[in-house]
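Visitor: Got a structure here, written out as structure tokens. Questions coming.
Derivation of every value follows stated rules applied to the coordinates shown; laboratory data play no part. Fair warning: this is a prediction, and the values are worked out from it, not measured in the lab. Ideal geometry is used to build each Cβ from the backbone, glycine not excepted, and the neighbour counts take in all protein chains shown.
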Amino acid sequence: MNDLALLIKDCAAGKASAQAHLYGLFAPKMFGVCLRYSKDQTEAEDNLQEGFIKVFQKIDTFKHQGSFEGWVRRIMVNVSLEKFRKQHHMYPVDDIEKYDSAEEEEITESEWSTNDLMKLIQELPPRYRMVFNLYVFESMNHKEIAKDLNISEGTSKSNLARARLILKNRIKSELFDVENYTA
């Protein structure tokens, strides 16, 4: 039996030292996941704690099929989604056609650091940030996003398009400011 499987078994048995060790292994990465879906660091910390409580409550249901990290990640995303649904009402959008044909411009990686992009994503309005994160980072399709957020597929598409447009405009604005500053 490998070390992770033994650690999971000990956590399921309620051994506090195993739970602390598992938390130490996965908390840093899962905090990043929670931060993407939270309005700020405090909410991300709350979601992380709540997520690990659920991990330890449900760890005996992990079937050792697939990635344990993926299983934990899904719990963290679900906790964040639950909190989001409680705090934000999603409004349906009927006029998706104008966003379907929006042109996408490529921004090269060298122009922006991951931290710069994550900061801009974090500043998106909550409903746009949530859809953007689920689509981009969790590779969910609009049907899955609509189901998880209790919105229509059109609303999901519209929110993604608007998030992209906001990000594109912010990046252009930032690049313009940098070019003018250095000129």
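Visitor: When a/c reaches 1.5 or more, the comparison of a/b and b/c decides; with that in mind, is segment 3-87 rounded, prolate or oblate per its Cα gyration tensor?
Guide: Working: a/c = 2.09, a/b = 1.82, b/c = 1.15.
Since a/c reaches 1.5 and a/b is larger than b/c, the shape of segment 3-87 is classed as prolate.
Visitor: Excluding same-chain residues fewer than 8 positions from residue 168, which lysines have a Cα within less than 18 Å of its Cα?
Guide: 98, 119, 157
Visitor: Give me the net charge of residue 146's neighbourhood, meaning all other residues with Cβ under 12 Å from the Cβ of residue 146; Lys, Arg count +1, Asp, Glu -1. Walk me through the numbers before you get to the answer.
Guide: Details: positive: 143, 147, 157; negative: 144, 148, 153.
Computed value for this residue: 0.
Visitor: Which order, highest average first, do 57-70, 33-46 follow once you tally other Cβ atoms within 10 Å for each residue and take the mean per peptide?
Guide: Numbers: 57-70: 11.7, 33-46: 17.9.
My ranking of the peptides, most packed first, is 33-46, 57-70.
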